[in-house]
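All remarks here apply to the structure that follows.
The values are calculated or read from the model by the stated rules, or taken from the named source; none is laboratory data. The model shown is predicted, which means the values in this text are computed figures rather than measured ones. Backbone-built Cβ (ideal geometry, glycine too); neighbour counts: all protein chains shown.
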């Protein structure tokens, strides 16, 4: 049975955020691993994004445990009505660098919207501030991704990858 996002309390919103960051970090790592041989430049961008998402995941856990204790309830995206849906990447046999970069941009935008909406769900100033920071960081990720792509395109590295795909 699914619940509406608007019905979630602060504990549940944080647990969902933890789940979101964990899943996104794993998706980026999976992309990087699958692309590293044929598309090493794109894989390096994805690896760095994985590390950033993992840091968010750890920070959220730290805040959650500081407020609510060690146990973090298991929340999954599909348990929340209207929540962000991610396509399983393992079903996509042929990954193309340009398509993956577009998917990553969309994931970052969706995460930013989630954090902006989550700020309205929580009362604690500490948690609100963290969620606001994460929303801003997700927007920064999009900018960083664009800059990294521009740099690597300028060097010709991504052009070679895009030609190969």
In region 133-156, anything under 17 Å from residue 18 (Cβ atoms) and in contact with a helix residue (DSSP H, G or I) (Cβ under 6 Å, 6 or more places away or on another chain) is listed as 134, 135, 138
Output the number of residues of region 120-138 satisfying the condition of being surrounded by 16 or more Cβ atoms within 10 Å (Cβ to Cβ) and either touching a residue at least 12 places away in the same chain (Cβ under 8 Å) or outside any helix (DSSP H, G or I) (or both).
9
Please determine whether any residue of region 140-158 is modelled with pLDDT of 90 or more and in a loop (DSSP other than H, G, I, E, B).
no
